[in-house]
Amino acid sequence: MVEKMEVDEPVKAPEEAKPAANLEQTITFENLRDWCSQLEKGESHLGRVLQFLGKTRTHLNNDLLSKLVTNYFNALQAQRDVLLKWVPSTASAADTVVSMEVDSPVPVAKPADGKTPAQKTPKRTQLPLKTAPAPEVELYIHLLVLIFLVDGKKYEEAEACARALIERFDTHDKRSLDPIAAKGYFYLALCYERTNRSGELRSYLSGRLRSATLRRLNSSQAVLIVCLLRCYLLGKHYPAAAKLVSKVTFPEGASNNELARFFYYQGRIKGMQLDYTAAAGYFMQAMRKAPQDAAIGFKQNVQKWVVVISLLQGEIPERSIFRVPIYRKPLLPYLELTQAVRLGDLGMFEQVLKKHGPGAFKQDETLTLIVRLRQNVIRTAVRQISLAYTRISIQDICKKLQLSSDVEAEYMVAKAIKDGTIDANISSDVSTSERYMQSNETEDIYRTVEPQQHYDSRIKYCLELHNQAVKALRYPPNNYAKNVESIEEQREREQQELEFAKEMADEDDDDF
């Protein structure tokens, strides 16, 4: 008899991933239902629910969103059909409907022996939700669908979803829904930017900004200002962006995230307008207002602009900045640029510009400012030459700086002398080919006004920081009323003072 050959049969892998995913989806769905119920009852603020969007968006999928829409939009069939078209469910209809649970008694059959069985747990029956959801719940679910479409890079559908969200906000006309409307404006601008159509949205955003300003919608107003500035900067319309900043008033009740973006865009505008001091101040405020443990990409981008602005101001950034872990890799091209400017090596500067110009610098939109650094490199090289040589010919300076002609070298030296970078003179009593630069004796810098200017700038910075800290303080409500006396108390006090004055007058008469 031939024995059966033993063959290793394929072992079926335990289906643990699918139950784990279903459990996670169930937990997320229950959390969303709890938040929706809190919004309906008014137990939770809309802004607090929106704070968890960063964690919630990672668990969103078609089945979860379609389940939410099906269970909360029964009374809004038009909105339900539109939303389900954007997030079609792959589950069955029985798995999609999850209605309100109500306890109902379970019928118990009496046994033949006549003994009463133990009481069983009542069965939960499901009743359909026929009422329309609260406006907060409706727009919150609509916002979740919008975020899911944006994360899936379905920008055309996301654009339609954002416009529908804004239309529903206009229909309800409640100021408490302003944070959700602000999110809708933000994602609408993001969809236009990803599809390279930011210029088409400027007129729409301007009209919305006027309406939000008149209705005093702080969240929408802040987001619209930031989105308008970004549209202008993407289109290189810096004069229009500067005019917008001068005309609008940023709302005081806006979030720190929007305020950080507003400062960042103001710094870019001032940098393009050659106001480097104001630009550096705005970038530092943007870094302070940015989240400490998040927004790493934003802080990296701001730090790149800070390095470039510092170089344009004639300052060399500290090396410790480039050693921070989150800045080490993104700021590597800017470290090479800083080294070229510090050494005054024009050839090295040209190599760095050629290497990173079409790539990193152009992508970061700092190439326009970096091109201006060529003058700083030449100025640094001229200062080093003036310190190393008491007297040197213009031709030798031209060779060291790798310039095209002696005339250009003489112009750069004359400009450095006029700007106060070096203390020297150019001989003018000889021919052009025989001219030279004569350095003067170095003067003690503490005898000049430069330390006073630096000290004054630091004092101004400290005072501005103190004023902002005072504005950010929070005081207990009605704290001022504790020391304010009422009208009755004031009359009683005045009456006591009059009586005390009469007693004093009587005592004086008796003594006399």
Residues of the stretch 188-217 being surrounded by 21 or more Cβ atoms within 10 Å (Cβ to Cβ) and within 18 Å of the chain's Cα centre (by Cα), which ones? LEU188, ALA189, CYS191
Do we find a residue being assigned by the TED database to the domain that holds ALA78, within 15 Å of LEU83 (Cβ to Cβ), at pLDDT 50 or above and out of contact with any helix residue (DSSP H, G or I) (no Cβ under 8 Å at 6 or more places or on another chain) anywhere in the stretch 176-185? no
Give me a count of the residues in the stretch 395-418 that are touching a Ser or Thr at 6+ places or on another chain (Cβ under 8 Å) and among the β-branched types (Val, Ile, Thr). 1
Residues TYR334, TYR446: which one is among the aromatic types (Phe, Trp, Tyr) and open to solvent by 30 Å² or more (accessible area, probe 1.4 Å)? TYR446
Just one listed residue, out of LYS67, LYS55, is over 21 Å from GLY253 (Cβ atoms), open to solvent by less than 60 Å² (accessible area, probe 1.4 Å) and free of Cβ contacts under 8 Å to residues at least 60 places away in the same chain, and it is LYS67
For ALA290, which of the numbered conditions (1) open to solvent by less than 30 Å² (accessible area, probe 1.4 Å); (2) at pLDDT below 90; (3) more than 12 Å from the chain's Cα centre (by Cα) fails to hold? (3)
Being hydrophobic (A, V, I, L, M, F, W, C), touching a Ser or Thr at 6+ places or on another chain (Cβ under 7 Å) and in a helix (DSSP H, G or I) narrows it down to one residue among CYS191, CYS231; which is it? CYS231
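With the requirement that a residue be outside any helix (DSSP H, G or I) and within 14 Å of ARG288 (Cβ to Cβ), what does the stretch 442-473 give you?
Correct list: ALA472 only.
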Take the stretch 295-329 and flag every residue that is surrounded by fewer than 18 Cβ atoms within 10 Å (Cβ to Cβ), part of a loop (DSSP other than H, G, I, E, B) and free of Cβ contacts under 8 Å to residues at least 40 places away in the same chain. ALA295, GLN313, GLU315, ILE316, GLU318, VAL324, LYS329
Among the residues of the stretch 387-412 satisfying the criterion of being farther than 13 Å from TYR436 by Cα and either in contact with a Pro (Cβ under 8 Å, 6 or more places away or on another chain) or polar (S, T, N, Q) (or both), which is surrounded by the most Cβ atoms within 10 Å (Cβ to Cβ)? GLN402
Does VAL341 satisfy the condition of being touching a residue at least 12 places away in the same chain (Cβ under 8 Å), within 21 Å of ALA279 (Cα to Cα), surrounded by 18 or more Cβ atoms within 10 Å (Cβ to Cβ) and more than 27 Å from the chain's Cα centre (by Cα)? yes
Looking at ARG216, ARG202, ARG208, which one is more than 28 Å from ASN61 (Cα to Cα) and not in a helix (DSSP H, G or I)? ARG216
Filter the stretch 251-285 for residues that are among the polar types (S, T, N, Q) and touching a Ser or Thr at 6+ places or on another chain (Cβ under 9 Å); the one that is least open to solvent (accessible area, probe 1.4 Å) is SER255
Yes/no for GLU159 being touching a residue at least 12 places away in the same chain (Cβ under 8 Å), farther than 30 Å from THR368 by Cα and in the same structural domain as LYS55 (by the TED database): yes
Taking ARG458, is it at pLDDT 85 or above, of a type in the set (D, E, K, R), surrounded by fewer than 11 Cβ atoms within 10 Å (Cβ to Cβ) and under 43 Å from the mean Cα position of the chain (by Cα)? yes
Within the stretch 70-93, work out how many residues are in contact with a Ser or Thr (Cβ under 9 Å, 6 or more places away or on another chain), surrounded by 16 or more Cβ atoms within 10 Å (Cβ to Cβ) and part of a helix (DSSP H, G or I). 5
Within the stretch 360-392, work out how many residues are in contact with a Ser or Thr (Cβ under 9 Å, 6 or more places away or on another chain) and not in a helix (DSSP H, G or I). 4
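The values are calculated or read from the model by the stated rules, or taken from the named source; none is laboratory data. This is a predicted model, so every value here is computed, not measured. Virtual Cβ from ideal backbone geometry, glycine too; neighbours counted across all protein chains shown. Side chains included, ligands, DNA and RNA excluded: accessible areas come from the protein's heavy atoms. Shrake-Rupley method; radii C 1.70, N 1.55, O 1.52, S 1.80 Å.
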